[in-house]
Amino acid sequence: MWRYLIPVGLLAALVAFFFVGLGRDKETLPSPLIGKPAPQFSLPRVGDPTQNVSTADFAGQAYVLNVWATWCVGCRQEHDTLLEIAGRGEVPIVGLNWKDEMDLAQEWLRRLGNPYVATAFDPEGRVAIDWGVYGAPETFLIDASGKVIYKHVAPMSIDVWEREFLPLLKKTPVRE
Amino acid sequence: MKTCVLAILLLMIVPLGHAIDTAPAFSDPVQQSRYEHLSRELRCLQCRSETIADSNASLAEDLRRQLRELIAAGKSDDEIMTYMTDRYGDYVRYRPAMKSNTWLLWAAPVLFLLAGCIAAFVVIGRKAKLPDDDLPADDRARTGMGDV
Amino acid sequence: MTVELGHFALILAFCLTLPQAFFGLAGAAWRKPHWMALTKNAVVGHFVLTAISFACLVYAFYRNDFSVLYVASNSNSELPTMYRLAATWGAHEGSLLLWLLVQSIWTLAVAGFSRSIPEVVTSRVLGVLGLISAGFALFILTTSSPFERLWPAALDGRDLNPLLQDPGLIFHPPMQYTGYIGLSVPFAFAIAAMLEGKLDSVWARWVRPWTNVAWVFLTCGITLGSWWAYYELGWGGWWFWDAVENASFMPWLIATALIHSLAVTEKRGLFKSWTLLLAITAFSLSVLGTFLVRSGVVESVHAFASDPTRGLFILTFLTICSGSALALYAWRAPLFRSDTGFAPLSRESFLLMNNVLLVGATLLILLGTLYPLFLDALDLGRISVGPPYFSIAFLIPMLPMVMLLAPGMHAGWKRANFDRTKRTLGVLLAIAVVGAIVLGTVVYGWHSVMTIVGFTLAIWVGLAALVDPVSRLLKRQSLSASIVGMSVAHLGLALFMLGVATTESYRRETDISLSPGQTAELGGFQFTMTRLGDVAGPNYDAVESEIRITRDGKEVAVVHPQKRTYRVQKNPMTEAGIDSRWTRHLLVSMGAPLGDGAWSLRLQYKPMVQFIWFGAFTMAFGGLIAAFDRRYRVRVTADATQAATAAGVRTA
């Protein structure tokens, strides 16, 4: 007798899932790196290719890694925000120039301002793959022990910085 | 679709349609066949309705290159899959991994088949005990022709 | 001005659905002949107004009226005329208007072709269809109107997505929608039966032809979609288990189960509540499909729109529509239990297994499609479920079903007697096995055991399907449309299986680079690029290469693949060069220029792939034949008059 209620029950469960699923952000993928040690790299420096930029340079301090490129429209949008965050001096921003050309990158930084303490040059995208990058811009927060603690996909804004990054930054020592 | 369009904007002009490998095939047919198989198991994260074998996105190209290098380095299929999921999560696998959150998905085909067969046998068992008289006259269809 | 007229017509069309629904349902419930008659007037009026509304939109496309936002977003002055007109249903808003139009045509058809059905039933059916139309009309008017103006008007439009600039766009969506919406008819009949509290074999006889025709259209729509994707995208694939493809396949599977279940209900008055449930589920899955495609809740390349607001509306509609139907089912289904039985080995039990396995397959596809959503909603992670899962999951219930098909076709009602058919079936199975082994070793070379199994089943089912009509012809017995239709449909399935088994086992492909004068080899064929040059189309510029295909020195074909750049949207698109023969397709697609006149090319060899669509269309043809069986068209006036007199209502 009660089994005739099963179909309508299944429908109710399905509709409930759909309702919850409607508002969810499908674009952003969760990063499996959260809570894990940051992938190490040592790449040529944008501006002075004879020098290297490595994760080892930032051992013992928290830093932000920002993935950008000159062909990326969103990167242009977030550039001023990055300059402002860099100006606040709370935490260094390291750039990862992805799938780009050295002279274009240098020109961009010269023309628009340089928020990065250093920018690593990754034209083939190998390091980006290690970091699970699937689009630009992406911004990572790494704590002083070298663990990735947050990833933001899409252009940075002051609002995101204050709402998402700063609270996490406050909970972890800036230097070890 | 939106991510795909975004990728297109970001990467200027990206050809729509099939990606065609510009790198030479493996000389070892076993490796080549592993490459062709695995590239169809991985999802492109920019054009998300395609495998990295089919997608024209630059990320797909990079991942294909990575795949080729891993195969050439002698990594096993499992090691390659782990490499990919370590960086991009389970989302990148088109064949869901067997984990605690997917056992229901993988058990489902056999479970549903069993449940269905059991239900069918129960019903048939019950119906076999009933008389097979035709229903009262006012309920019968005058089908006239056809046995179907 | 035309667009405002179209908008106004749509508003009026919506208004008319309300009396259609009211007079249809209340008129039947309170047995008021005048009200029931009014229902048909409302149906005609609604159709005319919807047609006017649709015509206005088409006219706006024809005249390149870029002051209409929808036209400006989807068309362009250089777009060839036929695509300009078809662009009407090229995106979300217009396709919904097409949906409404097709619904109104189906409703009109039901109103027109139901002379042998008591008016009480017809009115209820039309009333339910009116409620459905009301829902969709309201959806369009409140969230998705194609009649929005763009001010200031655009100088030219954004052009139709190049992938849609193909004859496939002209035929695939209308045919698909006709199928989806056609399933609302058995749905409405089911509601009518539940409201009346009466469901008998006569009811099944009314419903079967409508279900068959809807199924035919859905089969053709899905097949066209697969074929279109194959040659338009040039990637050689014909099914990707994409969420939207699954959304169209699930109602098809349930409709197939429904067709078979209706056979039992008509013949023996059994499976009544099961048939009701299937009829409700089939249309519910159509609506679910629309929801999935337009809400953004699952990721799909085919998705029209990803708008949560629109998604919420359709979800509400789905809840009300299916929820009330299933609630009605929970209340009324116990009424329809029957106390007749059948032997364990009988046509009824074979059809029961058929239904169980088809529904099982549908549930598996539903689970696979929605599983990523389930996990994400429960915060259990983001995963993907793709072809590697679906191809296994689908085969598990389908393989047993196909194995049961040949004996099932020859099982008799109530108690099957296989004494005489046993030998025929055994001989046919032996022939199938031998044929399969020959195909799978000598002709094509060894691939796998599964390939041999696939070939065996395809040949066995095909031969078994022919037994009945051939023996009847030889014995000069009568052949009804039902029998012929059934045989043709099952034969179509066999051909489809043959195509799939061959192509999936033996296809070959390779990526190479060629410049003019060079040759590459694949599967025994030689591909030579003889020419490379620029061509201009109506709204695109292209690089075209000429590829000469030879075998053993003899020329087999010359194909002209192109790499097009559409001038407005600027996205490059590859147009494959295909040499199609019944035995195999050869595809050449252009990739990218590699410098020095060389281009990367993909070459593909697909044996027997044409049988996939030919088999599916044959299935549809079989269903069409069966729908026109004489017993559906004969007015069983004695029955109807009796029942009508008993109910005290004049027969329409």
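The values are calculated or read from the model by the stated rules, or taken from the named source; none is laboratory data. Owing to the predicted nature of the structure, the values given are computational and were not obtained by experimental measurement. Positions of Cβ are backbone-derived with ideal geometry, glycine not excepted, and every protein chain shown enters the neighbour counts. The area values use the complete protein model at the heavy-atom level, side chains included, leaving out ligands, DNA and RNA. Shrake-Rupley method; radii C 1.70, N 1.55, O 1.52, S 1.80 Å.
Could you give every pair whose Cβ atoms fall below 7 Å, whose first residue belongs to segment A:61-72 and is touching a residue at least 40 places away in the same chain (Cβ under 8 Å) and away from every other protein chain (no Cβ under 14 Å), and whose second residue is open to solvent by less than 10 Å² (accessible area, probe 1.4 Å) and among the aromatic types (Phe, Trp, Tyr), counting only separations of at least 6 or pairs across chains?
Note: pairs meeting the criteria are A:VAL64/A:PHE140; A:LEU65/A:PHE140.
Can you find, within segment C:143-189, the residue that is nearest to the other protein chains (Cβ to nearest Cβ) among those that are among the polar types (S, T, N, Q) and assigned to a helix (DSSP H, G or I)?
Filtering segment C:143-189 for residues that are among the polar types (S, T, N, Q) and assigned to a helix (DSSP H, G or I), the one nearest to the other protein chains (Cβ to nearest Cβ) comes out as C:THR143.
Check off (1) open to solvent by 10 Å² or more (accessible area, probe 1.4 Å); (2) touching a Gly at 6+ places or on another chain (Cβ under 9 Å); (3) over 27 Å from C:GLY168 (Cα atoms); (4) not charged (D, E, K, R) for C:THR122 and give me the number that stays unchecked.
Checking C:THR122 against (1) open to solvent by 10 Å² or more (accessible area, probe 1.4 Å); (2) touching a Gly at 6+ places or on another chain (Cβ under 9 Å); (3) over 27 Å from C:GLY168 (Cα atoms); (4) not charged (D, E, K, R), the one that fails is (1).
Looking at (1) touching a Gly at 6+ places or on another chain (Cβ under 8 Å); (2) within 15 Å of A:GLY23 (Cβ to Cβ); (3) part of a helix (DSSP H, G or I), which is the only condition C:ARG294 fails?
(2)
Here is a list of conditions, (1) open to solvent by less than 60 Å² (accessible area, probe 1.4 Å); (2) small (Gly, Ala, Ser); (3) within 25 Å of A:ARG111 (Cα to Cα), and A:GLY35 meets all of them except one; can you say which number that is?
(3)
Any residue in segment A:132-146 that is modelled with pLDDT of 95 or more and open to solvent by 30 Å² or more (accessible area, probe 1.4 Å)?
Among the residues of segment A:132-146, not one is modelled with pLDDT of 95 or more and open to solvent by 30 Å² or more (accessible area, probe 1.4 Å), which makes the answer no.
Could you please let me know if C:LEU25 is within 29 Å of the chain's Cα centre (by Cα) and either under 19 Å from C:PHE136 (Cβ atoms) or open to solvent by less than 10 Å² (accessible area, probe 1.4 Å) (or both)?
Against the criterion (within 29 Å of the chain's Cα centre (by Cα) and either under 19 Å from C:PHE136 (Cβ atoms) or open to solvent by less than 10 Å² (accessible area, probe 1.4 Å) (or both)), C:LEU25 does not qualify.
If I filter segment A:113-131 down to residues being surrounded by fewer than 17 Cβ atoms within 10 Å (Cβ to Cβ) and more than 20 Å from B:ALA57 (Cα to Cα), which single residue comes out as nearest to the other protein chains (Cβ to nearest Cβ)?
A:GLY113
Of all the residues that make up segment C:531-561, how many are under 28 Å from B:GLN32 (Cβ atoms) and in a strand (DSSP E or B)?
Qualifying residue count for the region: 10.
Taking C:ALA192, is it surrounded by 23 or more Cβ atoms within 10 Å (Cβ to Cβ), over 22 Å from C:THR362 (Cβ atoms), at pLDDT 95 or above and more than 14 Å from chain B (Cβ to nearest Cβ)?
For C:ALA192, the condition - surrounded by 23 or more Cβ atoms within 10 Å (Cβ to Cβ), over 22 Å from C:THR362 (Cβ atoms), at pLDDT 95 or above and more than 14 Å from chain B (Cβ to nearest Cβ) - is met.
How many of the residues making up segment C:304-333 are within 14 Å of chain B (Cβ to nearest Cβ) and either over 16 Å from C:ALA243 (Cβ atoms) or open to solvent by 20 Å² or more (accessible area, probe 1.4 Å) (or both)?
4
Can you confirm whether segment C:457-465 contains a residue that is farther than 19 Å from C:THR219 by Cα, in contact with a Pro (Cβ under 6 Å, 6 or more places away or on another chain) and not β-branched (Val, Ile, Thr)?
no
Among the residues of segment C:524-581, write down those that are modelled with pLDDT under 90, touching a helix residue (DSSP H, G or I) at 6+ places or on another chain (Cβ under 9 Å) and more than 14 Å from chain B (Cβ to nearest Cβ).
Result: C:ASN539, single match.
Which residues, counting only those in segment C:363-391, are more than 7 Å from chain B (Cβ to nearest Cβ) and open to solvent by 10 Å² or more (accessible area, probe 1.4 Å)?
Scanning segment C:363-391 gives C:LEU366, C:THR369, C:PRO372, C:PHE374, C:ASP376, C:ALA377, C:LEU378, C:ASP379, C:SER391.
Of everything in segment A:91-112, what is more than 14 Å from every other protein chain (Cβ to nearest Cβ) and either open to solvent by 70 Å² or more (accessible area, probe 1.4 Å) or in a helix (DSSP H, G or I) (or both)? Give them in sequence order.
The answer is A:MET102, A:ASP103, A:ALA105, A:GLN106, A:GLU107, A:TRP108, A:LEU109, A:ARG110, A:ARG111, A:LEU112.
Hey, among B:ASP62, B:ASP54, which residue is within 25 Å of A:ASP122 (Cα to Cα), free of Cβ contacts under 8 Å to residues at least 60 places away in the same chain, more than 10 Å from chain C (Cβ to nearest Cβ) and among the acidic types (Asp, Glu)?
B:ASP62
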